[in-house]
Structure formats: C-alpha cells, structure tokens
Amino acid sequence: MRFEYDAQRWRSCRNPGDDWIDHADTPLERDTLFIRQADAFLDACLENVPVLCSLREGIGSLRVNQAILKSVVTRRWQDLPNQGG
C-alpha cells in the first residue's frame, strides 16, 4: 500500500511487479488528520467514550509503520507476520 497525500489518493498492489490500483480519497486540509486524532484522544480521556482502536490494533499499526520505514530504506517489499485476531 502507498498513501500519496499530495495526490489525495492511496494505492494498493498485491504482488511485486503488479500494477498499482488507485483509490481516490476525499480531499483533506493539511492538519485534518492530526486534529481528528487529537479530538478522539481528548474525547476518550475527558468524556469517557470508547477509544477508536484497541491496544492490539494500535500495535498492529505500529508494525505496519515500521515495515513501511524498512521498505523505504531497503527498497524491498516487507512481509508482516499474521498476528491473529
């Protein structure tokens, strides 16, 4: 997967060498995602509403981001182990 913020799209590809599939996204202002994240965090802390993702999901997101960074450095596809549900 690739997120191209400047092009307001994300792209997916199943296998190295396959064509990328473009997915259009709703245009966002520069700070929209950061503001949404901060609002959700404050809502969970101050208003006792459920968090948007579980700790397990957060750890999964961290693993994905680490793989993305490794992919940029190595210029190679990265596999993520199945962590189960």
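The requirement of being without any contact (Cβ under 8 Å) to a residue 12 or more places away in the chain and at positive phi is not satisfied by ASN65. Taking each residue of the range 12-41 that is under 30 Å from ARG76 (Cβ atoms) and looking for partners that are among the polar types (S, T, N, Q) with beta-carbon atoms closer than 6 Å, six or more apart or interchain, yields ILE21/SER12; ASP25/GLN8. For VAL51, which of the numbered conditions (1) surrounded by 10 or more Cβ atoms within 10 Å (Cβ to Cβ); (2) in a helix (DSSP H, G or I); (3) among the β-branched types (Val, Ile, Thr) fails to hold? Against the list (1) surrounded by 10 or more Cβ atoms within 10 Å (Cβ to Cβ); (2) in a helix (DSSP H, G or I); (3) among the β-branched types (Val, Ile, Thr), VAL51 comes up short only on (2).
Residue count for the range 17-33 satisfying the condition of being surrounded by fewer than 10 Cβ atoms within 10 Å (Cβ to Cβ) and modelled with pLDDT of 85 or more: 4. Of everything in the range 1-11 that is surrounded by 10 or more Cβ atoms within 10 Å (Cβ to Cβ) and modelled with pLDDT under 85, the residue that is nearest to ASP79 (Cα to Cα) is MET1.
So that you can scan it fast, the table gives a plain yes or no per residue for (1) surrounded by 10 or more Cβ atoms within 10 Å (Cβ to Cβ); (2) at pLDDT below 90; (3) not in a loop (DSSP other than H, G, I, E, B):
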{"site": "CYS45", "(1), (2), (3)": "yes, no, yes"}
{"site": "GLU57", "(1), (2), (3)": "yes, no, yes"}
{"site": "GLY60", "(1), (2), (3)": "yes, no, yes"}
{"site": "ARG63", "(1), (2), (3)": "yes, no, yes"}
{"site": "GLN66", "(1), (2), (3)": "yes, no, yes"}
{"site": "LEU69", "(1), (2), (3)": "yes, no, yes"}
{"site": "TRP77", "(1), (2), (3)": "yes, yes, no"}
{"site": "ASN82", "(1), (2), (3)": "no, yes, no"}
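With the structure loaded, tell me whether ARG36 is touching a Phe, Trp or Tyr at 6+ places or on another chain (Cβ under 6 Å) and surrounded by 10 or more Cβ atoms within 10 Å (Cβ to Cβ) or whether it fails that test. Judged against the criteria, ARG36 is not a match.
The values are calculated or read from the model by the stated rules, or taken from the named source; none is laboratory data. Not measured: the values here are computed from a predicted model. Note that we place each Cβ from the backbone using ideal geometry, even for glycine, and neighbour counts take in every protein chain shown.
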